[in-house]
Amino acid sequence: MKNYLKFLNRLPKDLRERLFLVISKIVAADLKGLDIKQLQGSENIFRCRVGKLRIIFRKGVSEYEILDLGFRGDVYKLSTAFYNDPA
């Protein structure tokens, strides 16, 4: 199980449902209306803001991949090597 799934399970139900809705929009490539910005130093890594939470995701050739989810500040502390494309 990915770490962000454990994080989601610990959140209150209303917030968890809101995040599932946003995640489903990201995975379906329906980004209209979402607060999305590209992360500095990366061409295909983005963040989506949902209140105090951030969803970090990668734009692939044909799909979007959720990389991490967490409170602002904490979610960015991961090594940038984690977010870089495997070579």
If only one of Asp30, Asp74, Asp35 is under 27 Å from Arg10 (Cβ atoms) and in contact with a Cys (Cβ under 8 Å, 6 or more places away or on another chain), which one is it?
Asp35
Go through the residues of the range 55-76 one by one and say whether even a single one is of a type in the set (Phe, Trp, Tyr), modelled with pLDDT of 85 or more and touching a helix residue (DSSP H, G or I) at 6+ places or on another chain (Cβ under 6 Å).
yes
Among residues of the range 1-49 being in contact (Cβ under 8 Å) with a residue 40 or more places away in the chain and assigned to a helix (DSSP H, G or I), the residue nearest to Ser62 (Cα to Cα) is Ile26
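The values are calculated or read from the model by the stated rules, or taken from the named source; none is laboratory data. A quick note: this is a predicted structure, and the numbers were derived from the prediction, not measured. All Cβ positions, glycine included, derive from the backbone under ideal geometry; neighbour counts span all protein chains shown.
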